[in-house]
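Q: Before we start, here is the structure in question, set down as structure tokens.
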Amino acid sequence: MQRSETQLVAYVENNTVQALGVPLESRKAVIYGKPIPKGSICVQVSQTSRPSITVPIILGNEDENSFLQTNMFFALPI
């Protein structure tokens, strides 16, 4: 496990923490078969502030990955 994978990061939108998660810098190339965009990082979400938080970057199946969910991987802006 890399050092950054032991830290939490927050996804903040409109000055409100929407989600917390663990950054997985070891996953640099793809999530769900789609490339992680430059300026983004793979994060395994561990907590959300509420249900139905729209994902800022949708990778994979749009029907399954449009909202942040705990214990799933998402590309979030750095």
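Q: Hey, any idea what Rg/Rh is for the chain, computing Rh the Kirkwood way over Cα pairs? Before the final figure, lay out each step's value.
A: On the way: Rg = 11.6 Å, Rh = 12.5 Å.
Rg/Rh for the chain comes to 0.93.
Q: Among GLY21, GLY60, GLY39, which one shows the biggest mean-square fluctuation in a GNM of the chain, springs joining Cα atoms closer than 10 Å?
A: GLY39
Q: Which of the listed residues, GLY39, LEU76, ILE58, is farthest toward the dipole's positive end in the chain, when Lys, Arg count +1 and Asp, Glu count -1 at the beta-carbon?
A: Final value for the positive-end residue is GLY39.
Q: Still on this model: GLN47 to VAL9: extension gain in nm, 0.36 nm per residue of separation minus the Cα-Cα distance?
A: Gain on extension, GLN47 to VAL9, equals 12.6 nm.
Q: What is the magnitude of the charge dipole of the chain about its Cα centre, with +1 placed on the Cβ of each Lys and Arg, -1 on the Cβ of each Asp and Glu, and no other charges, expressed in debye to the nearest 20? Walk me through the numbers on the way to the answer.
A: Details: 6 positive and 6 negative charges, 49 e Å.
Using only the charged Cβ atoms, the result is roughly 240 debye.
Q: Right, something else. How many nm separate the modelled label positions at ALA29 and THR54, each set 7 Å beyond the Cα in the direction of the Cβ?
A: Distance between the two pseudo-spin positions: 3.2 nm.
Each value in this text was obtained by applying a stated rule to the coordinates, not by laboratory testing. This is a predicted model, so every value here is computed, not measured. Cβ atoms come from the backbone with ideal geometry, glycine included; neighbour counts cover every protein chain shown.
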